[in-house]
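The values are calculated or read from the model by the stated rules, or taken from the named source; none is laboratory data. Source: prediction; values computed, not measured. Every residue, glycine among them, receives a Cβ derived from its backbone with ideal geometry; neighbour counts consider all protein chains shown.
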Amino acid sequence: MDNIKFRPYQKSDFDTISCLLEDFIDYLASLDPDKRIVKQADYGNNYLRKTLKEVNNKNGSFIIAEIENKIVGFGVAIVEKLSQNDLMEVLPHTPGRIIELYVDSKYRGKGIGTQLMQQLESYLKQKGCQTIHIEVYAPNVKTHKLYKRFGYSDRNIDMLKLL
């Protein structure tokens, strides 16, 4: 799509992004075979505040995707620092992390997620990151395939057993 514009997050985006985060958690809950994901009251506002604090504290970037002045998606990346415990197990480096990537369901399949990924990766590379980590919810198969197309490989697998 040629009419997609990308720009940094602005304070005036808060309510719209908060609503998109509510949609995101609903989407993930719909994929949850164990029905363990629940949306708490005021989830979008609280999660967005937490995310903005993380972006501010970790040299991050919060990118908005717009079509005709309507927010249709967003992506968030941060620069991490390895702890002393991390350095006991991995080579010293600067890791980046993409902590959010979301495209409104009405706009998926149009390349918006791909363009957001490219912008986030470019930002992290510019910040000197040698690796990028991204988490994907296992039942979110479409997103997992997208990340694989970008060259990401499965590194850690977190498993769950209901008791």
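A few comments on the model shown:
- Filter pass, Ile134 being closer than 24 Å to Ser18 by Cα and hydrophobic (A, V, I, L, M, F, W, C): yes
- Leu101 vs. criteria within 15 Å of the chain's Cα centre (by Cα) and in a helix (DSSP H, G or I): no
- Test for Gly75: is it in contact with a Lys or Arg (Cβ under 8 Å, 6 or more places away or on another chain), closer than 26 Å to Leu21 by Cα and either of a type outside the set (A, V, I, L, M) or in a loop (DSSP other than H, G, I, E, B) (or both): no
- Residue tally, condition surrounded by fewer than 17 Cβ atoms within 10 Å (Cβ to Cβ), more than 13 Å from the chain's Cα centre (by Cα) and not charged (D, E, K, R), over segment 104-123: 4
- Conditions (1) over 21 Å from Leu21 (Cα atoms); (2) exposed (fewer than 13 other Cβ atoms within 10 Å of the Cβ); number of the one not met by Asp86: (2)
- First in segment 127-140 and under 12 Å from Glu80 (Cβ atoms) and assigned to a strand (DSSP E or B), second anywhere and at pLDDT 95 or above and small (Gly, Ala, Ser), Cβ under 8 Å, 6 or more apart: Thr131/Gly96; Ile132/Ala77; Ile132/Gly96; His133/Gly96
- Among the residues examined, Leu116 does not qualify as part of a strand (DSSP E or B) and closer than 22 Å to Asp23 by Cα.
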